[in-house]
Amino acid sequence: MITICQQGKEVVFMANMEIRDMLFRHNLKHWRVAEKVGVSATTFSRWLRMELPVAKKNEIMEAINELVSS
């Protein structure tokens, strides 16, 4: 999570929202995507905590698209 203070209010943003949104919209479990990219579910969950580099995001999004289309 990323916390930003704006005008005295704390605003919380979750990292990697586009990935999280795809998982939610397609009802995919973290472990299925983790398996597809070759890591444990724990590792995948840790990856989502902080904003990922573009290359890693693309790899994950590709795995999600493959799971959705299969």
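Calculate the tail of P(r) for segment 14-65: the fraction of all Cα-Cα distances greater than 13 Å, expressed in %.
On the way: 690 of 1326 pairs.
In whole percent, the share of Cα-Cα pairs in segment 14-65 beyond 13 Å is 52.
Under 19 Å from a point placed 7 Å out from the Cα of Glu35 along the Cα-to-Cβ direction: which residues of segment 53-70 have their backbone N that close? Counting only backbone N, you get 60-70.
Every number here is computed from the coordinates shown, using simple stated rules; none is lab data. Model, not experiment: these values are computed from the prediction. Heads up, the Cβs are rebuilt from the backbone with ideal geometry, glycines too, and the neighbour counts pull from every protein chain shown.
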